[in-house]
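Structure below; questions to follow.
The values are calculated or read from the model by the stated rules, or taken from the named source; none is laboratory data. In this text, all values refer to a predicted model and were calculated from it rather than measured experimentally. Here the Cβ positions follow ideal geometry from the backbone for every residue, glycine too, while neighbour counts run over all protein chains shown. Just so you know, the surface numbers come from the protein's heavy atoms only, side chains and all, with ligands and any DNA or RNA stripped out. Shrake-Rupley method; radii C 1.70, N 1.55, O 1.52, S 1.80 Å.
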Amino acid sequence: AVKLRADNDFYSQIDNLRERGLDLTPRDLERLEPFLPCPKDEKGEMKVHKTGMGSSAALVTSLVGALLRFFGVVALPTKDAETGEGREEAEAKHTNGGHGAEKEGLRIAHNLSQICHCHAQGKVGSGFDVSSAVYGSHVYKRFSKGVINDFLEGLASCGATKGEAEGLQLSQTTLEQLAVLVNNIEWDCKVDPVNLPPGLELLMADVHGGSESPSMAKKVLEWKRNKRTGFMDDYYWKDLKRCNNKIVSLLSENLAAPTFLDGLRRDGEMIVSTRTAEQWKKPMPSSWYKFEGSSWDVALTLLDLRMTFLECRQNLKGMGKSAGVPIEPEEQSKLADATMKLPGVVAAGVPGAGGYDALFVIYVKGPATEEGRSDHVRDEIGKLWRDMNEENEGTTVCPLSVRAAGSGDGLIMSDLEW
């Protein structure tokens, strides 16, 4: 039997927390038992409120990987559910290409998962969500549509039929074409590892409301193709690309430099995380003097990252206004701005296609709390969101327990027991 279970972060846990009399905070979220089923309404029908974390891609990728491994087709990386694999080791394996058999197994799983996901969606999308589920954190250049378009379009004419009970049936010819496409054809996608440095952390929020990401993205792309007029419309798109490239450069170079990592490890928790970004701009007492790797040097590097994220937000808001799409709605701007005023917070904004349904925060980890399960900055962000929920009935913000994953933290075999 195949058992499919979804992590709590894929679906809104607001109702589950409220039913148990718990606050919408990181601490109370950790009290929920894992793999909770979706709640049901009065008629017994499931109430599915996704959080936008890529649940469909994760489902497809994990199922494809499990079946490939069960039938002995591929080898996959392994991780012990109790001890786990050190992040540094995982990153080193990814950077060095990993073990040959495991690298090949991930390639096959990626290719087949992309085909399955595109077929289920009825189109070739960005591919990034599937690639992230396979490879972990990275910068992704999608394969050309032509790699799989002909195969997808030819499924019906080559003998693919949808039976009510038996599912999708492929002819022998189609199966042979699929095997060649997955195993032997060179896909022109590109995966470059990128990570948050140790000492920085990610916090995601489920903002109740939700938006139609596919329809929003479709409207933006239509505007990009047909309706851009004037200098500013072109500027938003081009400058967003510049900002995205700068973020990648900062994470891969400046924030990966040994002097920065040493300074963040030494002073991040007790000095940088306890001050706001406005305070980062100013020299502080003795240990805050400016030298390479000093607290102030670390803070100025983080301010560069922060400013680049702010420039991204400005471009997205301008683009959304021009396209008539709420990429960063005013309500989300207020939430992100309030969060960015807290000590230790580097950046906040709307992820993915934008809209009303989610928020991301990058912050400097503070002193540990909850026996290491959380930290002071994360707790303070949760308290701010809780207070905003209480003060404004139109705002419902719930943190997710998901953390930043490193490159190499993708598709793995685990001894996790359910």
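Yes/no matrix, rows are residues, columns are (1) farther than 28 Å from ARG266 by Cα; (2) part of a loop (DSSP other than H, G, I, E, B):
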position	(1), (2)
LEU359	yes, no
ILE362	no, no
GLU371	no, no
ASP387	yes, no
ALA405	no, yes
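Can you name the residue in the stretch 1-54 that is closer than 29 Å to PHE71 by Cα and in a helix (DSSP H, G or I) and is also least open to solvent (accessible area, probe 1.4 Å) among such residues?
Ranking the candidates gives ASN8 first.
Here's another thing I want to ask about it. Would you point out the residue of the stretch 307-335, among those that are of a type in the set (Lys, Arg) and crowded, with 19+ Cβ neighbours inside 10 Å, that is modelled with the lowest pLDDT?
LYS317
Something else now. Residue pairs, Cβ under 7 Å, 6 or more apart or interchain, first in the stretch 359-379 and over 22 Å from THR301 (Cα atoms), second assigned to a helix (DSSP H, G or I) and open to solvent by 10 Å² or more (accessible area, probe 1.4 Å). List them.
Once the first residue is over 22 Å from THR301 (Cα atoms) and sits in the stretch 359-379, its partners that are assigned to a helix (DSSP H, G or I) and open to solvent by 10 Å² or more (accessible area, probe 1.4 Å) give THR369/HIS376; THR369/ASP379; GLU370/ARG27; SER374/PRO26; SER374/ARG27; ASP379/PRO26; ASP379/ARG27.
Are any residues in the stretch 380-413 surrounded by fewer than 16 Cβ atoms within 10 Å (Cβ to Cβ) and more than 21 Å from MET53 (Cα to Cα), and if so, which ones?
Selection gives LYS383, ASP387, GLU390, GLU391, ASN392, GLU393, GLY394.
Go through (1) at pLDDT 90 or above; (2) open to solvent by 60 Å² or more (accessible area, probe 1.4 Å) and name the single condition GLU89 misses.
(1)
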